[in-house]
1. Select, from SER53, SER68, the only residue that is touching a Ser or Thr at 6+ places or on another chain (Cβ under 8 Å), surrounded by 19 or more Cβ atoms within 10 Å (Cβ to Cβ) and within 21 Å of VAL83 (Cβ to Cβ).
2. Any idea which residue in region 135-155 is modelled with the lowest pLDDT, counting only those that are crowded, with 17+ Cβ neighbours inside 10 Å and touching a Pro at 6+ places or on another chain (Cβ under 8 Å)?
3. Does GLU113 qualify as being surrounded by fewer than 23 Cβ atoms within 10 Å (Cβ to Cβ) and modelled with pLDDT of 85 or more?
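The values are calculated or read from the model by the stated rules, or taken from the named source; none is laboratory data. Everything numeric here is computed off the predicted structure, so don't read it as measured data. So basically every Cβ, Gly included, is an ideal-geometry build from the backbone, and we count neighbours across all protein chains shown.
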Amino acid sequence: MSDPSIAIVEFDSIAVGIFTGDAMVKSSPVTSIYAGTVHPGRYLVLVTGDTASVEIALEIGRDAGADSVIDSIFLPAVHDDVVAAIVSSVEAADFDGDATGIVETNTVASVVEAADAGVKAAAVSLPAVRLADGLGGKGYAVFTGPIAEVEEAVGAAVERLEPTGHLIRHVIIAQIHDEMRQNLAEDLRFNQRLARHRGDR
C-alpha cells in the first residue's frame, strides 16, 4: 500500500460488511480494497487511494453500514511505518530501544489510528501493530525508542483515542527484558507458544 490515504470501516456483521464493501468500491475510484473477516466474527474493509476518493468511499461505508459499523477511521496521510508494521513480520531485534510503549484498543480501526498518531508525534520505531485475530477483536501497537520519545508517542496515541472510547490500556516499560522482547516478536497467543515450546523438547 503506497497510496497517500487509507480508510478502515469495521463491522459487527459479516453480511453487512460484504454488502457495504461492495458499495464503497463501486462509489469511488479507490486504488485498492482489502476486505475480510477478523475475530470475533467481525468484518473489515480497508480502502486506499487519493484523499478525495477514499473520503467518498468512507462516507458511503458509514452510511451503508449504519448500525453495524463498530468503528471507522480516515487517515489522509498515513505514515509509511504504520503500513509496514501491519504487513511485515518482525524480529526480536526490531524491539530494541531504551523503552517500549504499548497501546491497547478494542477495535482494529482505532489501533491503526493510534499507531499513526504516535509515530508522527515522536522519533520512535513502530515494530508491530497487531490486529484482531487471536486477540478477541482487540488491537495493540508497540513503540520503541528513547524513553522521552516513547512517552511522547504513547501520549499522542492516547490523546487521539480518549475521545473515541476505544482505548483499553497503555503502558511504558523501561529496559524490557530480553525474553519478553523475544515474546513480543513472536506469536502472543499463549497456548500456541506453549505448544511450540513443547515441540522443541
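1. The conditions single out SER53.
2. Just the residues of region 135-155 that are crowded, with 17+ Cβ neighbours inside 10 Å, to begin with: 135, 137-145, 149-155.
Then keep just the ones that are touching a Pro at 6+ places or on another chain (Cβ under 8 Å); that gives 137, 142, 144.
Working: GLY137: 84, VAL142: 94, THR144: 94.
Residue satisfying both the conditions and the ranking: GLY137.
3. Here the answer is no, as GLU113 does not meet what is asked.
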